[in-house]
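Novice: I'd like to ask you about the structure that follows.
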Amino acid sequence: MTSTTADAHSTFVLDLDKPLPAALRGAVIALGNFDGVHRGHAELARVAREMASQRGARAAALTFEPHPRSVFRPEQPVFRLTPPVVKAELLAGQGLPLTFVLPFDRDIAAIHAEAFIDDLLLGRLGAGGLVCGYDFHFGQGRSGSPEMLEARAMRAGVPVAVVPPYSWHGEPVSSTLIRAALEQGDVARAAEFLGRPWFVRGAVAHGDKRGRDLGYPTANMHLPRDCRLRHGIYAVRVRIDAVWHDAVASFGSRPTFDDGAPRLETFVFDFAGDLYGRKIDVAFVAWLRGEAKFDSLEALIVQMDADSLAARDILAGTPHFLP
């Protein structure tokens, strides 16, 4: 079990060969992958909190790592919106301070749906209540359904709430929709459905130092290989030591120089500290333009100046609604 007091959340990785500590049994559990922890997931969390309050229990989440699609289709990696640590933090922010993680593999996938309910949810976890989305499926061949969960758990005296599709401005919210928006560079649309800007976390790595020579020293990050964010220039905010700073960022292959592996390069406005090796969060607020190749360094600098001004103007008029 890992925990972080400052963020008021804890994560417990389930081992099906070992009993669960008695103190963790009895929670009202929201079930799902929770990738992105978007507005729809927030609704599941709200229902779980209410049920937990009514029953005098704690509220928790149960999720799966890695994403099941990565197990069955490893050649088509899922564009993950939130790594496990960030997911647990965001779930805690929604009032689910405890996250159970079920390590997902083909053996777990082969468990019969009835056993998943009886042995895991009701038996091992001793769930005091269960909350799932209308499209939650589980067990061998995804044969388990919300209706099965409701009928079987209710027979054992455990209440189940099935949350209907959650819409925002008339559109059903889903991780798939958010991924599609990010692939198009539409970070503003993604933020609408997430309820906050999408952000990435990583350690600042040494780069080629070109930005320093151009008057734009950047914090460089290597994003996961499955990241399919559209290459381009963005207005962003950067969290350094719990403080958010305005910035401009480029994600792409640097066509003016080397067309190398995609990299996120962020220039933090009015900041002079050393960030090498430190973990930072970069939140994407607005799309500025696509990636381009310039004929000269002078032309590139002129464009970087324009990008910085545009980012400053956009961020000056954009409220901070970040975790």
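Novice: Scanning for something part of a loop (DSSP other than H, G, I, E, B), among the hydrophobic types (A, V, I, L, M, F, W, C), at negative phi and not assigned by TED's automatic domain parsing to the domain that holds Arg73, does segment 214-224 turn up at least one residue?
Specialist: Looking through segment 214-224, at least one residue is part of a loop (DSSP other than H, G, I, E, B), among the hydrophobic types (A, V, I, L, M, F, W, C), at negative phi and not assigned by TED's automatic domain parsing to the domain that holds Arg73.
Novice: Exactly one of these conditions fails for Ala48: (1) surrounded by fewer than 20 Cβ atoms within 10 Å (Cβ to Cβ); (2) at pLDDT 95 or above; (3) within 30 Å of Leu182 (Cα to Cα); (4) over 16 Å from the mean Cα position of the chain (by Cα). Give me its number.
Specialist: (1)
Novice: While we're looking at this one, here's another question. Within segment 202-235, track down each residue that is surrounded by fewer than 18 Cβ atoms within 10 Å (Cβ to Cβ), at pLDDT 95 or above and touching a Ser or Thr at 6+ places or on another chain (Cβ under 9 Å).
Specialist: His231, Gly232
Novice: Something else about it: Regarding segment 158-168, can at least one residue be identified that is in contact (Cβ under 8 Å) with a residue 12 or more places away in the chain, small (Gly, Ala, Ser) and part of a strand (DSSP E or B)?
Specialist: yes
Novice: In the list Ala316, Ala283, Ala310, which residue meets the criterion of being exposed (fewer than 13 other Cβ atoms within 10 Å of the Cβ) and either at positive phi or not basic (Lys, Arg) (or both)?
Specialist: Answer to the check: Ala316.
Novice: Within segment 145-184, work out how many residues are under 27 Å from Gln54 (Cβ atoms) and basic (Lys, Arg).
Specialist: Within segment 145-184, residues that are under 27 Å from Gln54 (Cβ atoms) and basic (Lys, Arg) number 2.
Novice: Scan segment 303-310 and tell me whether some residue there is hydrophobic (A, V, I, L, M, F, W, C), in the same structural domain as Arg201 (by TED's automatic domain parsing) and either assigned to a strand (DSSP E or B) or within 17 Å of Ala203 (Cα to Cα) (or both).
Specialist: No: segment 303-310 contains no residue that is hydrophobic (A, V, I, L, M, F, W, C), in the same structural domain as Arg201 (by TED's automatic domain parsing) and either assigned to a strand (DSSP E or B) or within 17 Å of Ala203 (Cα to Cα) (or both).
Novice: Does Glu183 satisfy being under 20 Å from the mean Cα position of the chain (by Cα) and either surrounded by 15 or more Cβ atoms within 10 Å (Cβ to Cβ) or at pLDDT below 95 (or both)?
Specialist: no
Novice: Of all residues in segment 286-298, count the ones that are surrounded by 13 or more Cβ atoms within 10 Å (Cβ to Cβ) and modelled with pLDDT under 95. Steps first, answer last, please.
Specialist: To start, the set of residues in segment 286-298 that are surrounded by 13 or more Cβ atoms within 10 Å (Cβ to Cβ) comprises 286-289, 291-292, 294, 297.
Still in the list and also modelled with pLDDT under 95: 291-292, 294, 297.
Counting residues in segment 286-298 that are surrounded by 13 or more Cβ atoms within 10 Å (Cβ to Cβ) and modelled with pLDDT under 95 gives 4.
Novice: Checking Gly32 against (1) crowded, with 18+ Cβ neighbours inside 10 Å; (2) of a type outside the set (Val, Ile, Thr); (3) within 21 Å of Pro197 (Cβ to Cβ), which single condition isn't satisfied?
Specialist: Failed condition: (3).
Novice: Can you name every residue in segment 261-298 that is outside any loop (DSSP other than H, G, I, E, B) and among the acidic types (Asp, Glu)? Steps first, please.
Specialist: Initial filter on segment 261-298 (outside any loop (DSSP other than H, G, I, E, B)): 263-268, 279-290, 297-298.
If the condition is that a residue be outside any loop (DSSP other than H, G, I, E, B) and among the acidic types (Asp, Glu), then Glu265, Asp281, Glu298 are the ones that fit.
The values are calculated or read from the model by the stated rules, or taken from the named source; none is laboratory data. Because the structure is a prediction, the values reported are computed rather than measured. In this analysis, Cβ positions are derived from the backbone assuming ideal geometry, glycine residues included, and neighbour counts consider all displayed protein chains.
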